[in-house]
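Trainee: Once you've had a glance at the structure underneath, I'll fire off some questions.
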Amino acid sequence: MLAAMSTAIRIQGLQKSFKDTKVLRGVDLEVSRGSIFALLGSNGAGKTTVVRILSTLLRADGGTAHVNGFDVATQGADVRQSISLTGQFAAVDEVLTGRENLILVARLRHLKDAGTIADDLLERFSLTEAGGRRAGTYSGGMRRRLDIAMSLIGNPPVVFLDEPTTGLDPEARLEVWQAVRELAAGGTTVLLTTQYLDEAEQLADRIAILHEGRIIVNGTLGELKQLLPPAKVEYVEKQPSLEDVFLTLVGARTEGGHR
Amino acid sequence: MNRHFLGDTAVLLGRSLRHIARSPDTIITTAVTPIAMMLLFVYVLGGAIQTGSGRYVNYLLPGILIITIASGISYTAYRLFLDLQGGIFERFQSMPIARAAVLWAHVLTSMVANLISVAVVVLVGVAMGFRTGASVLDWLAVAGILVLFTLALTWLAVIPGLTATSVDGASAFAYPLIFLPFISSAFVPTASMPGPVRAFADNQPVTSIVNTIRNLFAGQPVGTGIWTALAWCAGILVLALLFSARTYRRRTA
């Protein structure tokens, strides 16, 4: 139990096959409490499978996984009490308004004052004005923000974000990053999967690369960089990147995201 | 059973009912086809159909109600499929709720939506001349059979809702159910059918259910037919429950 105090997620020898395809071939991983951990991998590497096993949506074929000290195989209800999952596609109810979506989740988490919780989160994610509109009318970034807001209800100690910025425009992406940083600052453990290297670089305290069903490296950004030969010093004219240009041109809203 | 089962079901039921209130077209669509059929059979074909004494609409209405329910339950499969596809199903599954509540909310929503559709069809039937001498008790019996029938078919609809890979697949299973009343006593007495067809029609569930409801409406004794009807409904319900529970467990484990 002592280990569980400092370790939010502990995965040992995790295996999973779909029919004849071995997706996970013995994954070992530890995520310490309050950190942001990025699981990096190309499409089909098995990132989503790991997340689905950790959130009790899928059973592993072998190995063990503990979340917040609870075994995902035998203590599913306790695990679900400890986590929230934001899947690859913004899982919001399009027919309900943003506010109703938040109230729905608050009620399902058996919290009192669902209305107050909803209003606070709308405020925090700059959705107050849009709160009375159907979520189906939201832009991609707004849906994602609502999705993440829904995940925070009840302050679960562990949050899974499965490719939280896939399909988002650069502006929305920065908004999501900001939300993730705030989460971790509040002590929440975040496990995020991504295929964007810069996303891992920007957000994560530790990064693991999942490749062909195994973790091939695991460390801080600095440690990972040391795996390659030291950088050669070259003199190049500093050109603004396309991202810089785009963000400068589209204006002030992104400023908040950079801070 | 999870201590939150009732509360969670109520919350999720509220969600689904809100969906229906915001797109009432699902109830209207459900009621339109049976009403069109009723108009066609009463005013175009009915004159040539011999059903004994009494108005043809009185003979026809019970079968039309069965068709209404058979087409209405396909929306349960449809709504369940959309939840699965949109990812909100997984969100619910990863939350600390009673997992069965997710299905029960859809099933109860189906009950509410179908009973509204049935009420609309009955009202149109009355406008077309349907009359009944049924007592309150007879009405309660009719309602009970229809509720049981809806419940059984809804649980049946949960299976394609959980397993379908496309929207069309999710609702296509209802077509044979809508077709079944045509080979029953719903539109014409089975006595007019050739031997093998009649044998099928006499022994399939729709005939016993339709005959029972017709007798209840007419104030006639229902005989043992009501037990056959109830046995069919209960049998379908138990099988559908077992299969959908198994599908659900496989889906979520």
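Trainee: Of all residues being of a type in the set (S, T, N, Q) and open to solvent by less than 40 Å² (accessible area, probe 1.4 Å) in the range B:137-188, which is farthest from B:Val102 (Cα to Cα)? Just the residue, please.
Mentor: Out of the qualifying residues, it is B:Ser185.
Trainee: Condition test on B:Gly46, is it in a helix (DSSP H, G or I), within 14 Å of chain A (Cβ to nearest Cβ), surrounded by 15 or more Cβ atoms within 10 Å (Cβ to Cβ) and small (Gly, Ala, Ser)?
Mentor: In short, no.
Trainee: Any chance the range A:34-46 includes a residue that's within 14 Å of chain B (Cβ to nearest Cβ) and in contact with a Leu (Cβ under 9 Å, 6 or more places away or on another chain)?
Mentor: No; the residues of the range A:34-46 include none that is within 14 Å of chain B (Cβ to nearest Cβ) and in contact with a Leu (Cβ under 9 Å, 6 or more places away or on another chain).
Trainee: Residues to consider are B:Thr252, B:Thr224; find the one that is at pLDDT below 85 and open to solvent by 60 Å² or more (accessible area, probe 1.4 Å).
Mentor: Testing whether each residue is at pLDDT below 85 and open to solvent by 60 Å² or more (accessible area, probe 1.4 Å) leaves just B:Thr224.
Trainee: Assess whether B:Asp202 counts as being within 30 Å of B:Arg99 (Cβ to Cβ) and of a type in the set (Asp, Glu).
Mentor: No.
Trainee: Another question, if that's okay. How many residues does the range B:3-43 hold that are open to solvent by 30 Å² or more (accessible area, probe 1.4 Å), under 17 Å from the mean Cα position of the chain (by Cα) and among the small types (Gly, Ala, Ser)?
Mentor: 0
Trainee: Looking only at the range A:68-90, which residues are in contact with an Asp or Glu (Cβ under 9 Å, 6 or more places away or on another chain) and either more than 11 Å from chain B (Cβ to nearest Cβ) or under 19 Å from A:Thr188 (Cβ atoms) (or both)?
Mentor: A:Asn68, A:Gly69, A:Phe70, A:Asp71, A:Asp78, A:Val79, A:Leu85, A:Thr86, A:Gly87
Trainee: Can you tell me how many residues in the range A:96-118 are part of a helix (DSSP H, G or I) and either touching a residue at least 24 places away in the same chain (Cβ under 8 Å) or open to solvent by less than 70 Å² (accessible area, probe 1.4 Å) (or both)?
Mentor: Within the range A:96-118, residues that are part of a helix (DSSP H, G or I) and either touching a residue at least 24 places away in the same chain (Cβ under 8 Å) or open to solvent by less than 70 Å² (accessible area, probe 1.4 Å) (or both) number 14.
Trainee: So which of A:Glu100, A:Glu94, A:Glu30 ends up being closer than 30 Å to A:Met142 by Cβ, modelled with pLDDT of 90 or more and in contact with a strand residue (DSSP E or B) (Cβ under 8 Å, 6 or more places away or on another chain)?
Mentor: None of the other options fit; the residue is A:Glu94.
Trainee: Only one residue in A:Thr165, A:Thr193 is in contact (Cβ under 8 Å) with a residue 24 or more places away in the chain, in a loop (DSSP other than H, G, I, E, B) and either more than 23 Å from A:Gln88 (Cβ to Cβ) or under 13 Å from the mean Cα position of the chain (by Cα) (or both), so which one is that?
Mentor: The conditions single out A:Thr165.
Trainee: Here is a follow-up. Looking at the range A:179-202, which of its residues are buried (at least 17 other Cβ atoms within 10 Å of the Cβ) and closer than 21 Å to A:Pro156 by Cβ?
Mentor: Residues satisfying the conditions are A:Ala179, A:Val180, A:Leu183, A:Ala184, A:Thr188, A:Thr189, A:Val190, A:Leu191, A:Leu192, A:Thr193, A:Thr194.
Trainee: Does B:Phe149 satisfy the condition of being assigned to a helix (DSSP H, G or I) and without any contact (Cβ under 8 Å) to a residue 40 or more places away in the chain?
Mentor: No; evaluated as a whole, the condition is false for this residue.
Trainee: Could you look through the range A:119-140, keep only residues that are crowded, with 19+ Cβ neighbours inside 10 Å and more than 11 Å from chain B (Cβ to nearest Cβ), and pick out the one that is modelled with the lowest pLDDT?
Mentor: Step by step, filter the range A:119-140, then rank; the result is A:Phe125.
Trainee: Mind checking which residues of the range A:42-53 are buried (at least 21 other Cβ atoms within 10 Å of the Cβ) and outside any helix (DSSP H, G or I)?
Mentor: A:Ala45, A:Gly46
Trainee: Still on this model: If I ask for residues that are at the interface with chain B (Cβ under 7 Å from one of its Cβ atoms) and within 14 Å of A:Leu152 (Cα to Cα), which ones from the range A:93-109 would you list?
Mentor: Answer for the range A:93-109, where residues must be at the interface with chain B (Cβ under 7 Å from one of its Cβ atoms) and within 14 Å of A:Leu152 (Cα to Cα): A:Leu104, A:Arg107, A:Leu108, A:Arg109.
Trainee: Please tell me if B:Gly86 is open to solvent by 20 Å² or more (accessible area, probe 1.4 Å), at pLDDT below 90 and more than 24 Å from B:Val206 (Cβ to Cβ).
Mentor: So B:Gly86 passes the test.
Trainee: Sort through B:Thr29, B:Thr33, B:Thr51 and tell me the only one that's hydroxyl-bearing (Ser, Thr, Tyr), assigned to a helix (DSSP H, G or I) and more than 30 Å from B:Phe92 (Cα to Cα).
Mentor: After ruling out the rest, the residue left standing is B:Thr33.
Trainee: Which of the following residues is hydrophobic (A, V, I, L, M, F, W, C), in contact with a Pro (Cβ under 8 Å, 6 or more places away or on another chain) and modelled with pLDDT of 90 or more: A:Ile83, A:Ile11?
Mentor: None of the other options fit; the residue is A:Ile83.
Trainee: Also, quick follow-up: Does the range B:90-135 hold any residues that are of a type in the set (S, T, N, Q) and either farther than 18 Å from B:Ala77 by Cβ or within 14 Å of another protein chain (Cβ to nearest Cβ) (or both), and which are they?
Mentor: Hits for the range B:90-135 are B:Gln93, B:Ser94, B:Thr109, B:Thr132, B:Ser135.
Trainee: Would you pick out the residues in the range B:16-27 that are without any contact (Cβ under 8 Å) to a residue 40 or more places away in the chain and either more than 14 Å from chain A (Cβ to nearest Cβ) or among the aliphatic types (A, V, I, L, M) (or both)?
Mentor: B:Ala21
The values are calculated or read from the model by the stated rules, or taken from the named source; none is laboratory data. As the structure is a computational prediction, the values presented were derived from the model and not from experiment. FYI the Cβ positions are ideal-geometry reconstructions off the backbone, even for glycines, and counts take in every protein chain you see. Keep in mind that these areas ignore ligands, DNA and RNA; they rest on the heavy atoms of the full protein, side chains included. Shrake-Rupley method; radii C 1.70, N 1.55, O 1.52, S 1.80 Å.
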